[in-house]
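First up is the structure itself, then whatever we jot down about it.
What follows draws every value from the coordinates through simple rules; no lab data is involved. These numbers were taken from a predicted model, which means no experiment stands behind them. Because the Cβ atoms are built from the backbone with ideal geometry, glycine has one as well, and the counts that use them run over all protein chains shown.
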């Protein structure tokens, strides 16, 4: 008996579902083998002078915790400076100034630039200014709402050691979202799963096929000369996902990238007060990156494939209920929904066993039960982002000039 178009599509979706299962099994083994690597193999004892750049805007609630965490690093005090590039309109500058008074002159520098030009990403703008103001060759970057672990500086520089046979251009490390609220729990689980899949198991796979790795703006490290060699953010200053775009530029220039998964080099951060808006910005930035870099393939696998399967399954079930198609196809719909939901929770179970990704937080049962629904919402945000992706491209005429930066770089 000849198969109908609906039967053929159903078979195709089943095949995709099986592939989706294999994909998650591969991720599991990728992470399993990942933890066997010695990510600090060549860097022991490497402690260069570092300039720590903090991008800040209206962070009066968090900036003190961030500065204290960096000032208390397990690193020689005379070998790092802190530059806060601040665009705040609240009390953040006063807090920074008061803390700076407790330390030797020049230990903490406050740079107050004018607002960035139109369409320029504020964090890219701040980091560019900070790099130009930095007196040291090695640059570490974090954000004002982040709290690095005590060994963060000591360890994040290790892949940059001259003893490393790979010429690493940029280093990143993982983050953990803190907090006990339901929103914090959901964001922590989802963000950790995002790191688990994108930056963990897939990181080396991306590098092996020459499309670079990934980074997170809360924890990055690179050499000043390497940053200048690739032109910094030039050409990608308009992209919302500025950390991924910068990593792409390093990879495109032939540098290796390193993403560290280790509790000793983690950075913790607060949950975002508007997580839906933040995820939409991430996805829109991802679509901007696709013009340069195949990064978004991972998002299609994680968000697009299950969304397509679930939507098709729901359609099958509805058509079966109204007896428009044979009931057995409606049963297939239930099976496909079960498979995709099961895979979401199997992925959840994989990384919830890892203190590496979730720290010592106990998982709220409400959050675990709502996890599938939350991911379903995120999938739809990803789908919406396809139609709302920014069309603006970088323009030379709107790039800020070096001489303009130098006019306020010493406002400390």
### Efficiency of FRET between residue 349 and residue 311 - r from beta-carbon atoms, R0 25 angstrom, step 0.05
0.50
### Query
Ranked by Cβ crowding within 10 angstrom, fewest neighbours first, how are 284, 270, 102 ordered?
102, 270, 284
### Query
Looking at the square roots a ≥ b ≥ c of the eigenvalues of the Cα gyration tensor of the range 43-109, which shape do they give, rounded for a/c under 1.5, prolate if a/b is larger than b/c, or oblate?
prolate
## Note on the structure
Per the 1/(1 + (r/R0)^6) rule, R0 = 30 Å and r from the Cβ atoms of residue 323 and residue 12, FRET efficiency to 0.05 is 0.80
### Query
Tell me, what is the FRET efficiency for residue 163 and residue 26 to the nearest 0.05, using R0 = 41 angstrom and their Cβ-Cβ distance as r?
0.80
## Note on the structure
Ordered by fewest other Cβ atoms within 10 Å, a rough proxy for footprinting exposure, 248, 287 read 287, 248
### Query
Is the range 56-162 best put as rounded, prolate or oblate by its Cα gyration tensor, with a ≥ b ≥ c the root eigenvalues, rounded for a/c under 1.5, and otherwise prolate when a/b is larger than b/c, oblate when not?
oblate
### Query
What's the extension gain from residue 368 to residue 49 if we count 0.36 nm per residue and subtract their Cα-Cα distance?
110.5 nm
### Message
Order these by the 10 Å Cβ neighbour count, fewest first: 388, 10.
### Response
388, 10
